[in-house]
Each structure stands twice: as structure tokens, then as C-alpha cells.
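Every number in this text was worked out from the coordinates using simple rules, so none of it is lab data. Values in this document were obtained by computation on a predicted structure and should not be read as measured data.
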Amino acid sequence: MNSVSNEKKTLLLKTGLEVFTVHGFTNVGLTELLKKAGIPKGSFYYYFSSKEEYGVEVIRFYMQEYTTNIARLFSNSQLSCKERLLSYLKTWQENQCTNDYYGRCLIVKLSSEVSDFSELMRHEFCLGTSKVIQLITNIIKEGQIDGSIPKHLEPGYAAQELYQQWLGASMLTKIQRNECPLKTALKYTDNLLKN
């Protein structure tokens, strides 16, 4: 694929990410997506064989960007591992409470919608969230070494527990349209990570 071709594909993926995060997957037609991207329908089928394949690629694109950002944040040696983990979660809280509580997390917006009808999209979310949990597991392990995270925590279990708590709190924040669930999740996390 040449650079112009790559640029068009990336534009389509970014457009899908933007639109799906706000409107969901099934509520958006290809015509609307292509109009927003300024790309003709024929070009879409050059890159993707179906809307489902496109959805998988959008999820993959999002998860790659998301996990890269987490890894970058977790590599900040100026902060303790606990501070890095809390910084990530505070950023999560801020992102979910923007735009009148619509948030900007594709996982929160799309995963429950598409997992029932698209095994391919469900699988892509599964791969992506597993990477997130592994990154959290790793920072907990590192934090136990630098002394900022309690040694009694089992890293894999604690990472899974934290991720599930924050995902659930994000869903409740969308439902209740207030920050209370995420504030509770942050308080719980602070308590969990106390030495």
C-alpha cells in the first residue's frame, strides 16, 4: 500500500473511531461514514470487504493507540509505579466525564453492543482488553519492586479487579450522567494501593 493509500485508510479508521464512539456501530451507515471522511464508496471496499471487517480494524486501531499511550505513561520514570497507575486512572476518569458524559472510550461505547452479533469484533476487544490488563499487571509488579504498591496484592488478580471496577464504573457514569461511580472507583483504588 502506498502512502496516499495508507493515509486514506487511516482517515477511514479515525473517522470510524470518532463516529462509533459517539453513535455506536449499528446506528451508523457506511454512507454517513464515507461522507464524513470525504472518501467514495468504492475506496471503502478497496480497504475493507464489509462493515464488520471495518469495525474490527477500527477496534484494532483504537486498542493499538490506547495501549501505546498506556505503555508510554507507565514508562515515566519520574513517577513511582503507583503514581503512574493512578495517573492513568485519573485520565480515564477525565475522559469518561467529558462531552456531557458520552466519554471517549470505544470499549465502553461499543463492546456490549457488538459482542452479541460479531464474534470477530468481540474477539478484537478481548485481545485489546487483555493487553490493557497485562500492562496494569506489569505496573503493579514493578510497583511492588519499587515499594509503591503493596506486596500482598496478587498482580494479575488485582489488575483484573481494577480494570473490571473501572469499566463498570464507566458504564454507570454513562447511565447516571455523573462522576460518582468513577470517584468511587478512584477511592477504592486508592485504598487498594495503600501500603
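Counting only alpha carbon atoms, the long axis of helix 81-96 and the longest principal axis of the chain meet at about 40°. Expressed as an acute angle from 0 to 90° and rounded to the nearest 10, what is the orientation of the C-alpha long axis of helix 180-192 relative to the principal long axis of the chain? The answer is roughly 40 degrees.
Using only the Cα atoms, what convex hull volume per residue in Å³ does the chain have?
Normalising the Cα hull of the chain by residue number yields 126 Å³.
In percent, how large is the relative contact order of the chain, given Cα pairs closer than 8 Å and 6 or more residues apart? Walk me through the numbers before you get to the answer.
On the way: 179 pairs, mean separation 44.3, N = 195.
With pairs under 8 Å counted, the relative contact order is 23 percent.
With respect to the cross-link table entries Lys51/Lys90; Lys36/Lys131; Lys14/Lys90, which display a Cα-Cα separation exceeding 27 Å?
Details: Lys51/Lys90 34 Å; Lys36/Lys131 31 Å; Lys14/Lys90 24 Å.
Those over the limit are Lys51/Lys90; Lys36/Lys131.
Using 0.36 nm per residue of separation minus the Cα-Cα distance, give me the extension gain between Arg177 and Asn138 in nm, one decimal.
Numbers: separation 39, 0.36 × 39 = 14.04 nm, distance 3.22 nm.
Computed gain between Arg177 and Asn138 is 10.8 nm.
In terms of the Cα gyration tensor, with a ≥ b ≥ c the square roots of its eigenvalues, is region 130-169 rounded because a/c is under 1.5, prolate because a/b exceeds b/c, or oblate? Prolate is the answer for region 130-169, as a/c is 1.5 or above and a/b outweighs b/c.
In summary, the convex hull built on the alpha carbon positions of region 63-124 has an orientation-averaged projected area of 5.0 nm². The aspartates and glutamates within cross-link reach of Lys174, meaning a Cα-to-Cα straight distance under 19 Å and a gap of 8 or more places when in the same chain, are Glu18, Glu94, Asp100, Glu113.
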